[in-house]
Amino acid sequence: MTNPTVSRTVFNVLVATCLLSLMCELRGQEFSDFATDPHWQGFRNRLLPKVLPIAQQDFGYQRSNSAGGESTGEIGGIIQRAHRQAYYAKMIVPKTLKDKLSASGKFSVRGAGGGSGVLVGWFNHEQSQGWRTPSSLAFRIDGNGGKYWVFYEYGTTNRSAGGGGAYEGPRYQTTSTQPFLDNGAVHDWSLKYDPQGADDLGVINFRIDDRIYRLPLHPGHKTQGATFDRFGIWVQQTPGEVLELYLDDLQIDGVEESFDHDPQWDQQGNHDSYQQRVLRPHHDFGFSNTNHTGGQPGEIGGIVFRDERPAYYADIVGPYSLEDELEATGSITLRSAGADSGVMLGWFNATTKRSKESPEHKKPQTDYLGVYLEGPSRVGHYIRPAYSNSRGNHDAPTFEGKPTERPVVLPDGEVHDWALRYDPKAALGRGRITLIFGGIAHQLELKEGVRAEGATFDRFGLFNVQSGGHHVEVFLDDLRYSK
């Protein structure tokens with residue numbers, strides 16, 4: 001009997017191969033290897049200020065007693081949210097999500113600027129990156145201008161993540177729980193992980209003072225795994241402000257750390273200052289004389305934020321409609337990305353894009369067809385076909401099914417080939433978008449009536465997702481597209 005999984009895989013590869021061959025032969029396409037600046041049209045794509053702000057890190061061992069320890073000596077200091085990695089941590093025998101973990105101690109926050117943040121817990125020093133840190137299990141302090149919130153969270157080696165907050169209800173924006181004040185008050189805490197808890201999913205137990213919280217891992221995340229080789233303080237790698245934190249009387253997996261003397265922990269970037277070039281929500285993308293996608297220098301891309309206001313970098317094309325066949329191929333690499341970040345690639349309407357000043361949840365973007373690179377923090381970044389017509393009727397499925405139906409791009413710098421085709425006559429005339437990624441064809445059929453309502457596309461390129469969030473660092477090269 002034929003294995004249905006193997007048969008489907010073979011079929012998808014054949015479809016992908018045929019479509020790639022067809023696209024290479026189609027006429028009326030533009031090709032660019034970006035060996036020179038193509039002088040595409042940019043709109044709000046370069047927003048960095050002329051004078052770049054300075055990130056300042058100054059934390060580690062301190063001969064002070066701000067955290068209320070039994071004796072002089074603690075760890076902490078001035079910590080700024082910034083894109084560059086920085087940490088002060090104890091080297092430990094590697095642990096995984098199959099091991100029990102426990103830590104406790106005292107902490108004090110003596111200043112918390114708006115948009116500041118720091119993490120305390122287990123992490124992997126080779127993977128520390130982004131808004132949600134891969135291979136980590138920690139509690140996070142988020143500053144909010146004179147006050148702060150506390151969260152507990154984890155990240156797998158595949159950059160899937162989960163977490164919760166030390167307050168009542170699902171969101172701190174609507175909770176009745178009062179935030180903590182940055183007045184130097186000392187708080188007791190403990191963080192424990194039981195790999196057998198929650199019916200073997202794995203469960204995190206977090207306590208701050210007399211509040212106790214429990215977080216089961218999302219199904220499948222324990223299997224993805226994580227490896228921790230450090231315990232300590234690290235910077236949340238997204239732009240922000242300064243927080244002053246101190247920790248003392250730590251107990252890490254049964255070992256006491258009183259800091260009566262300098263423990264000589266491992267450190268990186270914790271006494272440093274530099275200009276920041278990743279600044280929310282200041283986009284910095286377009287032509288780049290780099291070669292992150294391989295080959296000769298020259299590509300397009302850079303830092304793109306999720307932001308309520310519009311931005312794009314694109315070539316003038318068409319105009320096209322949902323009655324036209326559209327094709328594109330190229331290579332893509334995602335070099336860094338925070339949770340709650342994303343970007344879009346494909347055909348869109350410049351006029352409707354520029355005039356849209358409202359977030360997606362209030363009014364969806366209209367007139368686009370292409371690739372949507374974004375996803376929930378528990379997964380990372382799906383890459384999937386997406387569209388919206390002139391009335392804002394749209395779709396971008398998340399492929400929650402089998403692994404072969406869930407293409408995920410990791411922010412690891414790996415280069416991927418992709419291809420996209422829209423056939424207006426497919427799916428009984430409704431229209432179908434086919435994305436080829438990783439040699440597999442992923443299809444999205446337009447909903448009934450969408451094609452008849454119409455859309456107009458006069459640009460092809462990168463454009464932002466208009467919902468508040470964080471950044472991706474993405475680059476594209478060797479583009480061939482319907483011009």
Verdict on Pro310 being in contact (Cβ under 8 Å) with a residue 40 or more places away in the chain, out of contact with any Asp or Glu (no Cβ under 7 Å at 6 or more places or on another chain) and within 20 Å of Val472 (Cβ to Cβ): yes
Single unsatisfied condition, Leu14 versus (1) open to solvent by 60 Å² or more (accessible area, probe 1.4 Å); (2) modelled with pLDDT of 90 or more: (2)
Qualifying positions in region 422-434 - surrounded by 14 or more Cβ atoms within 10 Å (Cβ to Cβ) and either modelled with pLDDT under 95 or over 21 Å from Val474 (Cβ atoms) (or both): Tyr422, Asp423, Pro424, Ala426, Ala427, Arg430, Gly431, Arg432, Thr434
Region 435-453, subset in a loop (DSSP other than H, G, I, E, B) and open to solvent by less than 40 Å² (accessible area, probe 1.4 Å), residue farthest from Leu334 (Cα to Cα): Gly449
Residue in region 335-377 that is surrounded by the most Cβ atoms within 10 Å (Cβ to Cβ), counting only those that are in a loop (DSSP other than H, G, I, E, B) and small (Gly, Ala, Ser): Gly338
Criterion violated by Leu52 - all others in (1) touching a Gly at 6+ places or on another chain (Cβ under 7 Å); (2) at pLDDT below 95 satisfied: (1)
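The values are calculated or read from the model by the stated rules, or taken from the named source; none is laboratory data. For clarity, every value in this text was computed on a predicted model and none was experimentally measured. All Cβ positions, glycine included, derive from the backbone under ideal geometry; neighbour counts span all protein chains shown. Just so you know, the surface numbers come from the protein's heavy atoms only, side chains and all, with ligands and any DNA or RNA stripped out. Shrake-Rupley method; radii C 1.70, N 1.55, O 1.52, S 1.80 Å.
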